[in-house]
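Q: Let me begin by handing over the structure; questions about it come next.
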Amino acid sequence: MAACSSAVHVQELGTDSVSRTRALIDRRWLTVTVVALNSSLNAVLSCNYSVVEEVTQEALHTDDVQISFLYSAFLIIAAVGMTPGMMLAARWEGVALGCSVLLNVGASWLRWIASEQESYRLSLISTVMCALGTCTMLTLPAQVSQQRFPPDLWTFATSLMVQANYFGWLVGSVVPPQCISGVASFKHFMLYQAMVASMVLVAFVLMYRPVLKVSARSQGSEASASFLESRERPQAIQTEDDNHAPGGLLNLLGVAMAHPRFALQVGAFGLMGGVSFSQPSAGIFILQDYGFSNQVDVWVNMCFIGTGIVFGIVVGKFCNEPRFFGITLKAMFVVCALCTGISAVLAASGFLNSNNIASFILICVLSAGTGATSIGFIGIGIEAAALYPVGGAYACWLVEIIVQVAGGVISQEASNSNGFMVLAVVQGFATIVFLFSFKSVSFPASQQV
């Protein structure tokens, strides 16, 4: 009788343990969803004005120089603010994400007010708010995934959150031109956008869950109660010992000096990410010089960004072991170099022109290949950089800030008829650097975050 009672008790403990673990897993994915929604909203807001530039000029009574300044201001503030934003996110994740959500949602509503009052000044303030919202969110993907998930899900979770930003970029580039045809529709769109954006705030309040913090002793005793929980829970709970995990700008500098391959690898990631950042914005100027319409540019960007999002998620899902990072990344770098190189050759040879349907199809295919690799690699690239003892948030920060800076410079230099050549040269250089610098690394578990 006692044996039966004991068996029932053990079964109840096991059932409770499984239930707690499943609830914990659900909370993890809810947090990923919130980060992804906020990242998508921020990306949509970042290109609100530039994709409907002529209507924006009319609605805000301004000129193309001032409209261009809005995007330039966004990039500058985001780049400068990423370092303090990363430090805030590393120490107070919930506060950082909450501030980002409030800034993005607030910027959405301020843009509607600006459209109603036809105020460029309010639009500029909303752009500043949007840029500040970017500062605290870009480093969250690696941090959230590494603090909440087991290692075999790091690349997938990181890729989902990273690609959410590109998905917002795709939506923000395609939807506004289809919905906005004049000042009246511009105002309506801004109102609907603000209403949808408010749902992100609701999602944050209802779905975000901070990392559980327990003592290492408590964690060990709980983990020993169930085999399933011992597999899942250690990566989802931040222990008191995590305060001594590697991280910090000085540590990052020390790692870069001690491991030059790390610095070269991250630099190559930044340049390739800069290609993904710059081609959609520079593409309209490149294609216009060959007689293609803006509608063609929309289709090319859909191929570029869409394939990048899908391929990035697929790679993040299935390439989840560090031993496969090297060969996968090398293949992506080489394919991207080939696609940009062939595009440059076609442009230089005169093959590209609006009267040649074959050139349109070919440039869409090549753009899809460039997007699949230059966008798709970012999630796995961040996780590859995080294999060094620098901390997930700091690895993500370093990659993203180089992407932002390199992307801005490349966009400026590639916005002309020689744009494909500029992209090919940059990508070729990044590929050579990566192929000769990448080396699989392994550090003691005590040095990993």
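Q: Treating only the Cβ atoms of Lys and Arg (+1) and Asp and Glu (-1) as charged, compute the dipole magnitude of segment 88-217 about its Cα centre; round to the nearest 20 debye.
A: Values: 8 positive and 4 negative charges, 77 e Å.
Dipole about the Cα centre, nearest 20: 380 debye.
Q: I want the local charge near ILE67. Using Cβ-Cβ distances under 15 Å, sum +1 for each Lys or Arg and -1 for each Asp or Glu among the other residues. Please report the intermediate quantities before stating the final value.
A: Numbers: positive: ARG111, ARG121; negative: GLU53, GLU54, GLU58, ASP63, ASP64, GLU118.
Net of charged neighbours comes to -4.
Q: Over all alpha-carbon pairs in segment 21-207, figure out the percentage whose distance exceeds 19 Å.
A: When all Cα pairs of segment 21-207 are counted, 57 percent exceed 19 Å.
Q: Over all directions, how big on average is the projection of the convex hull of the alpha-carbon atoms in segment 111-209, in square nanometres?
A: That works out to 7.3 nm², a quarter of the Cα hull's surface.
Q: With equal scatterers on the alpha carbons only and no solvent term, can you work out the Debye log10 of I(q)/I(0) for segment 251-442 at 0.10, 0.16, 0.18 1/Å?
A: Normalising to I(0) and taking log10 leaves -0.39, -0.91, -1.11.
Q: How high is the relative contact order of segment 251-442, in percent, counting Cα pairs under 8 Å that sit 6 or more residues apart?
A: The normalised contact order for segment 251-442 reaches 45 percent.
Q: Would you mind ranking HIS61, HIS259 by Cβ crowding within 10 Å, fewest neighbours first?
A: HIS61, HIS259
Q: Using the Cα centre of segment 21-207 as origin and beta-carbon charges of +1 (Lys, Arg) and -1 (Asp, Glu), tell me which of LEU88, TYR166, ALA73 is placed farthest towards the positive end of the dipole.
A: The one lying farthest along the dipole's positive direction is LEU88.
Q: Right, another one. Provide the three semi-axes, in whole Å and in decreasing order, of the ellipsoid equivalent to segment 363-441 as defined by the square roots of 5 times the Cα gyration tensor eigenvalues.
A: Semi-axes from the Cα gyration tensor: 25, 14, 12 Å.
Q: Stretched out fully, how many nm does the piece from LEU30 to SER185 gain, at 0.36 nm a residue minus the Cα gap?
A: Working: separation 155, 0.36 × 155 = 55.80 nm, distance 3.42 nm.
The span from LEU30 to SER185 would gain 52.4 nm if fully extended.
Q: I would also like to ask the following. Using the 10 angstrom Cβ neighbour count as an exposure proxy, how do ASP297, ASP26 rank, fewest first?
A: On the way: ASP297 18, ASP26 12.
Starting with the residue having the fewest Cβ neighbours, the order is ASP26, ASP297.
Values quoted throughout were computed directly from the atomic coordinates according to the rules given, and no laboratory measurement underlies them. Everything numeric here is computed off the predicted structure, so don't read it as measured data. Methodologically, a virtual Cβ is constructed for each residue, glycine included, from the backbone with ideal geometry; neighbour enumeration extends over all protein chains shown.
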